[in-house]
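Novice: One structure follows; several queries about it will come next.
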Amino acid sequence: MISRRLPGSAYSRRRLPRSIAAGVLFVMNFIIMGSVVFGAGEVNSQAKADVLNRLQLFQGTNKGYELDRSFTRAQGTVMLLRLLGREDEAMNAGGQPAFTDIKKSHWAAAHISYANNNGLVKGISAAKFAPDQTMSGSQFIALTLRALGYTSADPKNALELSGTSGLLTGKDASALIGTKVFLRDDMVAVAYSALTTKMNNSNMTLLQKLVEVDHSVSPQAAIASGLYTATAVQTQKSSDPLDQIESALRKALNP
């Protein structure tokens, strides 16, 4: 860290040329950024968590993001539905999960019920779901790949598909799959990467789909994230009063 020196000191008189100083700062930033490793058991994704939060894809808990905590099967189910753009549908569907370890009062009961009834997730047995059991890196990567349209994705082919889909590099996928404890921080990194990954057999990214097809993410929030560029359809103003009211509500809810 560069400390400030009092005026008149030798350090204040002998300054480096700006071009050299800028080069030093660039190299320092490059080294710092390059030291971030997937699955390292450290919190590296705070800024990405903020983006996901503004897109209403990640809310955290009453204690904040808790990125240093492990990631559970219940949380994985909720994230899958959000990445699929189907959380609202799940919340409105009702229904009780067909698992003895999920009470109706469980915070993710509606999500688990919907996901299970629609064949999106399975329990660890016919009777139990194990909502608080830690989810592994390969399991969450597989769920994310399913949100990208790779319906055959599972933990066994997650490493291969994450590379061919463009979701993660082989090195990053291996690190996440090999980590002892898959953290919420790791989940954020994967989900963030998925936003700019193209859907299977499509030129549309996941974020484009969430905005333009599912309408689960507002165009304004997506544009503000820097990960999305509005098309002519989104930027064109509608003369329909209902559309104008909806647009005003979106702006109010997503300032």
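Laboratory data are not the source of any read-out in this text; all were calculated from the coordinates shown. Computed from a prediction, not measured in an experiment: that's the story for all the values here. Don't worry about glycine lacking a Cβ; one is built from the backbone with ideal geometry, like all the others, and counts go over all protein chains shown.
Novice: So what J values fall out for region 134-148 if you push phi through Karplus, 6.51 cos²θ - 1.76 cosθ + 1.60 with θ = phi - 60°, rounded to Hz, Gly and Pro as x?
Specialist: Here the 3J(HN,Hα) series is 5, 8, 8, x, 5, 5, 6, 4, 4, 4, 5, 5, 5, 5, 8 Hz.
Novice: Can I ask one more? For region 46-216, with equal point scatterers placed on the C-alpha atoms only and solvent neglected, what are the log10 I(q)/I(0) values from the Debye formula at q = 0.08, 0.19 1/Å, to two decimals?
Specialist: With one equal scatterer per Cα and no solvent, log10 I(q)/I(0) is -0.22, -1.36.
Novice: Summing Lys, Arg as +1 and Asp, Glu as -1, what charge do residues with Cβ under 10 Å from the Cβ of Phe140 carry, Phe140 excluded?
Specialist: Local charge sum for Phe140: 0.
Novice: Put a dot 7 Å past each Cα toward the Cβ at Asp88 and Lys103; how far apart are the dots in nm?
Specialist: According to this spin-label approximation, the distance is 3.1 nm.
Novice: So how far, in whole Å, is the C-alpha centre of region 135-154 from the one of region 85-114?
Specialist: Each part reduced to its Cα centre gives a spacing of 20 Å.
Novice: What dipole magnitude, in Debye to the nearest 20, does region 46-216 give about its Cα centre under +1 on Lys/Arg Cβ and -1 on Asp/Glu Cβ?
Specialist: It works out to roughly 240 debye.
Novice: Checking the cross-link filter: which lysines have an alpha carbon closer than 19 Å to that of Lys180, excluding same-chain neighbours under 8 positions apart?
Specialist: Lys156, Lys171
Novice: Oh, and also: Where does each of Lys198, Lys104 land when they are ranked from fewest to most other beta-carbon atoms within 10 angstrom?
Specialist: Lowest to highest Cβ neighbour count: Lys104, Lys198.
Novice: Calculate, for Lys156 and Asn200, the FRET efficiency according to 1/(1 + (r/R0)^6) with r their C-beta to C-beta distance and R0 22 Å; round to the nearest 0.05.
Specialist: For Lys156 and Asn200, the calculated efficiency is 0.80.
Novice: Right, another one. Taking the mean number of other Cβ atoms within 10 Å as a proxy for protection, how do you rank 105-111, 179-185 from highest to lowest?
Specialist: Packing order, densest peptide first, comes out as 179-185, 105-111.
Novice: Need the C-alpha centroid separation for region 175-229 versus region 117-134, integer Å.
Specialist: Centre-to-centre (Cα) distance: 24 Å.
Novice: Would you tally the net charge around Ser152, using a Cβ to Cβ cut-off of less than 12 Å, leaving Ser152 out, and scoring K and R as +1, D and E as -1?
Specialist: Result for the local shell: 0.
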